[in-house]
Amino acid sequence: MTINRRALLGRVAAVGAAAAVGSALAPAAAQAAYWRERLTGADLDTKHRWQVGGGIVFDSAARVAGNGRAPELMHNGHNGVGIDGLWEVTVIPNDGISFPGTGRQLVSYMSIENWASAGQAGPHWKSRYAGLAYSDNGNDFVRTPLKWWHNGANTDPFQMWTTQRDGDWVYVFSVRSGRQGGPMMLRRVRWDRLFHPESYEGWGCNGSDWGWGRPGTPILTGRFGEPPVRRLADGTWVMSYLNCATGCIVTRTATGPDRVWTVEKVQVTSWQEPKLYGGFTHPWSSRAANDLHLMVSKWTRTPDDRSTAYHVSQFVATA
């Protein structure tokens, strides 16, 4: 996939009257990020060409067949028996990581058991397990036998992963499935040991200090949407996610994965963009002013009942 950097990282457009779009009510919190442009949606050209909503330029798509559509990358049970003989509603990819030295790409995913399991704050979907899939050609992803099983209470904090490599280590941040309230956990594993669960080390506190190789201790608590964590070129670590309690896209920063994270900084509010769903940090971002680029999705419908689910806009902010 080739990304048109000039189009994506152009100057911030003046928003002016655009701030009035959305609810007529005053926002719950002042936002820091500003709308730049809409990137994806069913009405854009790449939807018609590839069946992929992109405003980011796609030169190609994995496994595109003669009909021009981008198919699924890995086996999916689709409300049936999955690849392992278990019932599977669907498969949700969480995050991906690549290894330039080997050419291998790795995706963490969840096998979804149902959409309506009772959770801490009402109905939530429930994963059956978290797993890993890999590809050596960028097209075909193979689901490995590895499973991080969920529990019956829907409270396991190792179901939804985001991964970031730094040197020889891959850092794995994880939360509960279903956007429930609960802890965020941190583990690490050497990049060449990702398929060896016994090699994962927890980051934990023994009551007096923190260290690796201990039972995990929550590093944060909250109601997290998908919480991607990225290491910027200058070494700053940025975490961005939907705070499901407030409905705002927020960010935190730290000097390292196992360092203290700042308090939440509100970047986008539901007053700006109704029905916010996710906020993802573009890896070309930096700590410079107005150079944190967030890909912000929403889940809503227009007044004439057309879906705008997963429509993504670029917002520009400061970390």
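Per 0.36 nm of contour for each residue apart, how much would the distance between Thr144 and Arg38 grow if the chain were fully extended, relative to their Cα-Cα spacing? Don't jump to the answer; show the numbers that get you there.
Details: separation 106, 0.36 × 106 = 38.16 nm, distance 3.58 nm.
Contour length minus the Cα-Cα distance gives 34.6 nm.
Using only the Cα atoms of the stretch 160-319, build the gyration tensor, take square roots of its eigenvalues as a ≥ b ≥ c, and label the shape rounded, prolate or oblate: rounded if a/c is under 1.5, else prolate if a/b is larger than b/c, else oblate.
prolate
Would you tally the net charge around Ala130, using a Cβ to Cβ cut-off of less than 14 Å, leaving Ala130 out, and scoring K and R as +1, D and E as -1?
Numbers: positive: Lys126, Arg128, Arg143, Lys147, Arg176, Arg187; negative: Asp84, Glu88, Asp95, Glu113, Asp156, Glu226.
The answer is 0.
With Cβ to Cβ distances under 11 Å as the rule, what net charge do the other residues near Pro157 carry (K, R +1; D, E -1)? Walk me through the intermediate numbers first.
Working: positive: Arg176, Arg187; negative: Asp156.
Residues near Pro157 contribute +1 overall.
Loop-only check: which trypsin sites (Lys or Arg not before Pro) in the stretch 212-271 are DSSP coil with at most 14 other Cβ within 10 angstrom?
On the way: sites: Arg223, Arg230, Arg231, Arg252, Arg259, Lys265; in loops: Arg259.
The qualifying sites are Arg259.
List the residues whose amide H sits under 5 Å from the amide H of Tyr129, counting only those 5 or more places along or on another chain, with H placed 1.01 Å from N in the peptide plane.
For Tyr129, whose amide H was placed from the backbone, the distant partners under 5 Å are Ser111, His150.
Taking only protein heavy atoms and a 1.4 Å probe, what accessible area per residue, in Å², does the stretch 72-154 have with all protein chains in place?
Values: 3960 Å² over 83 residues.
Using a 1.4 Å probe on heavy atoms only, each residue of the stretch 72-154 averages 48 Å².
Test of the criteria: in the stretch 66-175, which trypsin sites (Lys or Arg not before Pro) are in a DSSP loop and have at most 12 other Cβ atoms within 10 angstrom of their Cβ?
On the way: sites: Arg69, Arg104, Lys126, Arg128, Arg143, Lys147, Arg165; in loops: Arg69, Lys147.
The qualifying sites: there are none.
Rounded, prolate or oblate: which fits the stretch 115-231, taking a ≥ b ≥ c as square roots of the Cα gyration tensor eigenvalues, rounded meaning a/c under 1.5, else prolate when a/b beats b/c?
Numbers: a/c = 1.83, a/b = 1.10, b/c = 1.67.
Since a/c reaches 1.5 but b/c is at least a/b, the shape of the stretch 115-231 is classed as oblate.
Using a 7 Å offset from the Cα along the Cα-to-Cβ direction at both Asn114 and Trp169, what is the distance between the two label points in nm, to one decimal?
Modelled inter-label distance: 4.0 nm.
For Thr155 and Arg259, calculate 0.36 nm times their separation in residues minus their Cα-Cα distance, and state this gained length in nm to one decimal.
Contour length minus Cα-Cα distance gives 34.9 nm.
Testing the spin-label approximation: label points 7 Å from Cα along Cα→Cβ at Ser286 and Ala65. State their distance in nm.
Computed distance between label sites Ser286 and Ala65 equals 4.5 nm.
Rounded to the nearest 0.05, what FRET efficiency is calculated for Thr221 and Ile83 with R0 set to 35 Å and r the Cβ-Cβ distance? Walk me through the numbers before you get to the answer.
On the way: r = 34 Å, r/R0 = 0.97.
Efficiency, rounded to the nearest 0.05: 0.55.
Length gain on complete extension for the stretch Asp234 to Asp192, per 0.36 nm per residue less the alpha carbon to alpha carbon distance? Working shown, then result.
Values: separation 42, 0.36 × 42 = 15.12 nm, distance 2.48 nm.
Value of the extension gain: 12.6 nm.
Would you please classify the overall shape of the stretch 201-247 from the alpha carbon gyration tensor, given that a ≥ b ≥ c denote the square roots of the eigenvalues, rounded means a/c under 1.5, and beyond that prolate means a/b larger than b/c while oblate covers the rest? Present the calculation step by step, with values, prior to reporting the outcome.
Working: a/c = 2.85, a/b = 1.37, b/c = 2.09.
Oblate.
Using only Cα atoms, locate the centre of the stretch 252-319 and the centre of the stretch 61-91, then give the distance between them in Å, rounded to an integer.
Each part's Cα centre sits 28 Å from the other's.
Please compute the Kirkwood hydrodynamic radius of the stretch 133-180 from all pairs of different C-alpha atoms, in Å with one decimal. Could the numbers behind the result be given before it?
Values: mean 1/r = 0.0778 Å⁻¹.
Roughly 12.9 Å, rounded to one decimal.
The values are calculated or read from the model by the stated rules, or taken from the named source; none is laboratory data. None of the values given here were measured: they were computed from a predicted structure. When we count neighbours, we look across all protein chains shown, and the Cβ atoms used for this are built from the backbone with ideal geometry, even at glycine. The accessibility values were calculated without ligands, DNA or RNA, using every heavy atom of the protein model including side chains. Shrake-Rupley method; radii C 1.70, N 1.55, O 1.52, S 1.80 Å.
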